[in-house]
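Take a look at the structure set out below.
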Amino acid sequence: QGLYEVINKKKYAGNYHKVTFRSSWEFDVFELMDKNDEVIKWNSEEIKIPYYDSTKRKKRTYFTDIYCEFINGQKYIFEIKPAQKLIKPNKKNKKAYIEHINIMEKAQAAKQYCRLLSYKGVNIKFAFLCLIKGKYKIIDY
């Protein structure tokens, strides 16, 4: 965990002095977004989406991992997760089961957010960005 030093400040859509990575995977993705010529704009934790956390029975706010725009016009909100976290665990593993529910509730809220923006003519997709066999893959939800 730490602060990421943005190299291409013109590409960062937000406060580039406070870009915080919470894992080595996030750091790697930030670097990928920052240095990739296919990415024309990106940010981290700048979009806030309300959602209901059923495990804690309260309203919360989801700060998206990544928002990015590609040179081809595609726009994404990405949640960075290990692929195995997307597989529903056995209920006996309570901690993993609750974490999975939380991940899916955030994803559902993000999808709804994207759907609402589409009514306003803004086409953004939500997807998971997972490291699979050494490469980051986009997994639509």
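For region 113-126, does any single residue satisfy the condition of being in contact with a helix residue (DSSP H, G or I) (Cβ under 7 Å, 6 or more places away or on another chain), within 30 Å of residue 7 (Cα to Cα) and open to solvent by less than 50 Å² (accessible area, probe 1.4 Å)?
Within region 113-126, one or more residues are in contact with a helix residue (DSSP H, G or I) (Cβ under 7 Å, 6 or more places away or on another chain), within 30 Å of residue 7 (Cα to Cα) and open to solvent by less than 50 Å² (accessible area, probe 1.4 Å).
Please go through region 127-141 and give me each residue that is open to solvent by 70 Å² or more (accessible area, probe 1.4 Å), in contact with a strand residue (DSSP E or B) (Cβ under 9 Å, 6 or more places away or on another chain) and of a type outside the set (A, V, I, L, M), ordered by number.
Answer for region 127-141, where residues must be open to solvent by 70 Å² or more (accessible area, probe 1.4 Å), in contact with a strand residue (DSSP E or B) (Cβ under 9 Å, 6 or more places away or on another chain) and of a type outside the set (A, V, I, L, M): 137, 140, 141.
Looking at region 90-104, is at least one residue surrounded by 15 or more Cβ atoms within 10 Å (Cβ to Cβ) and among the polar types (S, T, N, Q)?
For region 90-104, residues surrounded by 15 or more Cβ atoms within 10 Å (Cβ to Cβ) and among the polar types (S, T, N, Q): present.
Suppose the filter is touching a residue at least 40 places away in the same chain (Cβ under 8 Å), out of contact with any Leu (no Cβ under 9 Å at 6 or more places or on another chain), outside any loop (DSSP other than H, G, I, E, B) and not polar (S, T, N, Q); does residue 111 pass it? Explain how you work it out, then say what you get.
Numbers: touching a residue at least 40 places away in the same chain (Cβ under 8 Å): no; out of contact with any Leu (no Cβ under 9 Å at 6 or more places or on another chain): yes; outside any loop (DSSP other than H, G, I, E, B): yes; not polar (S, T, N, Q): yes.
Judged against the criteria, residue 111 is not a match.
Condition (residue is touching a strand residue (DSSP E or B) at 6+ places or on another chain (Cβ under 7 Å) and among the aromatic types (Phe, Trp, Tyr)) applied to region 95-114: is it met by at least one residue?
Yes, region 95-114 contains at least one residue that is touching a strand residue (DSSP E or B) at 6+ places or on another chain (Cβ under 7 Å) and among the aromatic types (Phe, Trp, Tyr).
Of 52, 67, which residue is touching a helix residue (DSSP H, G or I) at 6+ places or on another chain (Cβ under 8 Å) and either of a type outside the set (Asp, Glu) or not in a strand (DSSP E or B) (or both)?
Exactly one residue qualifies, and that residue is 52.
Within region 18-49, can you find the residues that are closer than 20 Å to residue 76 by Cβ and in a loop (DSSP other than H, G, I, E, B)?
Answer for region 18-49, where residues must be closer than 20 Å to residue 76 by Cβ and in a loop (DSSP other than H, G, I, E, B): 19, 22, 23, 36, 37, 38, 44, 45, 46, 47.
Under 6 Å by Cβ, and 6 or more places apart or on different chains, what pairs join a residue from region 40-52 that is within 22 Å of residue 101 (Cα to Cα) with one that is open to solvent by 10 Å² or more (accessible area, probe 1.4 Å) and of a type in the set (A, V, I, L, M, F, W, C)?
Between residues of region 40-52 that are within 22 Å of residue 101 (Cα to Cα) and residues that are open to solvent by 10 Å² or more (accessible area, probe 1.4 Å) and of a type in the set (A, V, I, L, M, F, W, C), the close pairs are 45/63; 48/63; 49/109; 51/109.
Quick one: what pairs do we get from region 8-23, first residue of a type outside the set (Lys, Arg), second in a strand (DSSP E or B) and surrounded by fewer than 18 Cβ atoms within 10 Å (Cβ to Cβ), C-beta under 7 Å, 6+ apart or different chains?
Pairs found: 13/41; 19/3; 20/3; 21/2.
The values are calculated or read from the model by the stated rules, or taken from the named source; none is laboratory data. What you see is a predicted model, and the numbers here were worked out from it, not measured in a lab. So basically every Cβ, Gly included, is an ideal-geometry build from the backbone, and we count neighbours across all protein chains shown. The area values use the complete protein model at the heavy-atom level, side chains included, leaving out ligands, DNA and RNA. Shrake-Rupley method; radii C 1.70, N 1.55, O 1.52, S 1.80 Å.
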